[in-house]
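Data first, discussion second: the structure below is written as structure tokens.
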Amino acid sequence: MTDEAWWRHAVCYQVYVRSFADSDGDGIGDLPGITSRLPYLAELGVDAVWITPFYTSPQHDHGYDVADYRDVDPLFGKLADLDTLLEQAHAHGIRVIVDLVPNHTSEDHEWFRAALAAGPGSPERGRYLFRDGPDAVPANTVPANAVPPNTVPPNNWESVFGGSAWARVPDGQWYLHLFDATQPDLDWRNPEVPAMFEDVLRFWLDRGVDGFRIDVAHGLFKEPGLPDQRLTDAEREANLAADLLGPQHPEHEPMWDQPEVHDVYRAWRRILDSYPDDRMAVGEAWTRDAASLARYVRPDELHQSFNFHWLSADWSAPQFAAVITETLAAVALVGGSPTWVLSNHDVIRHVTRYGGGTVGLARARAATMTMLALPGSSYIYQGEELGLEEVDVDRAHWQDPQALTTGKPGRDGCRVPLPWSGDAPPFGFGPGSDQPWIPQPAGWSSLTAEAQAEDAESTLAFYRRALSARRTFATTAGDQVELLDLGAKVLTFRRGPVTAVLNCGTTTVAMPDGTVLLASGPLDDGLPPDTAAWLV
Ligand code: NOJ
């Protein structure tokens, strides 16, 4: 690994595989669809793509429920399609990160099927977290063929998707699922589990992937004895109500952020480092604070961890400044490389978070530019380069298990398939004329990639300019960020030769000294509200 490793300053584009591009007309995106759009991604100017899970899966959580970690689901293609994608992406100079889902398998995974068949106390059940409830009675005290009374779950844990985190099987035992009941949690204290995932890592590294995004990286280990969750119902409710990101429970709870998880990442780092060309891993770790996040990116652990703090900040210069300062301080503790994220497939798109419409779009472009000026890597989510807003998906079309469990709008609104071209759905998403798996709004014709490509003022043209301008300083401007004081409503910082300024206020402000390299919107005699600029 070198200090100049590509992932330290990359722009990584997240492809939500179901919703990116459909090659075969079934209304669901696939691997050949991604390959066909690599020229678009190269022209956009991204350094890498992260592809969400495409492995064999019953799709209850759209691929985050893996039945076979070493194969491609027929919905998305074949292993040979992944090989082609890797080869062509690399020919375009684009690295490929794949998603690894180690916290849970699908209920269709051969291990879980074997566990159900083998029964209580078996080694097969020992790969998962099967437990009796507190009111279980010895099996020999109930009549043959009767289900033993075992009506209370083993503890009070709640699923991230709502309801108890325990599901009962016909013989009366319970298994833990921190997400959907179709996603049983593995027992990472069983040595078979780490051994299996080390093989999976090698399988994809041997095929040529450049890295992994680690799903629920903070969740693998649970506190021994599985003690009750410590938050009261009221505290949990308050978190749910306040948390834009969903109930990810960053507080110290017995199912998250256990110390043993770091040994797993040390072992994985050794594997990654044994391959050439700076292979990497980025963790999806929701932690209490910056210091606990930093532990995941110590020099012998994961290379990066998503930094989600910007997602929960308001449209506020002081809040953005605090996020930047805290993030840089946390990674500096361990010599790590910061990451920045404004949108992904689990959160409300940032145009909508910042108010939607013209103002939301102006703010989203300005925030994106600010993020791109910072040291480290930026992760952008498909469709943000088109300025897409969250879609209010009709309840009849909800597919997200979280929405279906809680009865509240979930993550479908940020997962609507991309509009590529034409005047009507499916907007070139795939061949044919049917709506894709989540229907697209009829009014998206002016937002297609085709329509925006020819318009110099479009969000797509802006992203292309921004990524191109970023390349002129991303690797040379250094890691030092100096915050400047231009008033409480203005975020200003200097990084090497570049000064970035973001106006979160309501009046135009004077621009700092320098020549404007790029602005997120029209300038007048100064920097208008909801606008960012880079100066050199
Ligand atoms: C985080 C993923 O980003 C999300 O989409 C998924 O539902 C959960 N992990 C469970 O795998």
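The values are calculated or read from the model by the stated rules, or taken from the named source; none is laboratory data. None of these values were measured; they are calculated from a predicted model. Note that we place each Cβ from the backbone using ideal geometry, even for glycine, and neighbour counts take in every protein chain shown. Accessible surface is based on the protein model in full, side chains and every heavy atom, while ligands, DNA and RNA are left aside. Shrake-Rupley method; radii C 1.70, N 1.55, O 1.52, S 1.80 Å.
Observations, loosely collected:
- Computed over region 104-185, Cα set: Rg, Dmax in Å: 12.5, 36
- Fraction of accessible area attributable to carbon and sulfur, the chain (%, probe 1.4 Å): 52 percent
- Solvent-accessible area of residue 408 with every protein chain in place, 1.4 Å probe, in Å² to the nearest 10: 130 Å²
- Note on residue 203 and residue 332: the extension gain reaches 43.2 nm, defined as 0.36 nm multiplied by sequence separation minus the Cα-Cα distance.
- Packing, as the average of other Cβ atoms within 10 Å across residues, places the peptides 329-335, 102-108 in the order 102-108, 329-335, highest first.
- Each helix, a run of at least 4 DSSP H residues, gives -39500 (n - 2.57); summed and divided by the residues of the chain, these come to -7500 deg cm²/dmol at 222 nm.
- A probe of 1.4 angstrom, applied to the heavy atoms of all protein chains, finds residue 256 with accessible area near 10 square angstrom.
- Candidate aspartates and glutamates for bridging to residue 222, where Cα separation is under 18 Å - those fewer than 8 sequence places away on the same chain excluded: 132, 158, 180, 185, 187, 192, 251, 253, 257, 260, 263, 284
- Accessible surface, 1.4 Å probe, highest first, among residues 311, 361: 361, 311
- Spin-label pair residue 114/residue 92, simplified geometry with 7 Å Cα→Cβ offset, distance in nm: 3.9 nm
- Value of relative contact order over region 381-536, rounded to a whole percent, pairs C-alpha under 8 Å and six or more apart: 14 percent
- The label point for residue 192 and the one for residue 536, both projected 7 Å from the Cα toward the Cβ, are 5.8 nm apart.
- A straight chain from residue 168 to residue 263 at 0.36 nm per residue would run longer than the Cα-Cα distance by 31.1 nm.
- DSSP bridge orientation in the chain - percent antiparallel, rounded to nearest 5: 55 percent
- Region 303-425, accessible area per residue, ligands and nucleic acids excluded (1.4 Å, Å²): 30 Å²
- Per residue, the accessible area of region 482-535 comes to 45 Å², computed with a 1.4 Å probe over protein heavy atoms only.
- The spacing between region 1-44 and region 273-332, judged by their C-alpha centroids, is 23 Å.
- Once C-alpha pairs closer than 8 Å and six or more residues apart are averaged by separation and normalised to the residue number of region 33-122, the relative contact order reads 34 percent.
- The chain - percent relative contact order, Cα under 8 Å, separation 6 or more: 13 percent
- The Rg/Rh ratio of the chain, with Rg taken over Cα atoms and Rh as the Kirkwood radius over Cα pairs, comes to 0.97.
- Computed from the C-beta positions of residue 454 and residue 145, the FRET efficiency with R₀ = 60 Å rounds to 0.30.
- The chain: DSSP helices with Cα axial extent of at least 15 Å and average Kyte-Doolittle hydropathy no lower than -1.0: 79-91, 192-207, 261-273, 317-333, 357-373, 459-471
- Using a probe of 1.4 angstrom and keeping all protein chains present, the accessible surface of region 104-185 works out to 43 square angstrom per residue.
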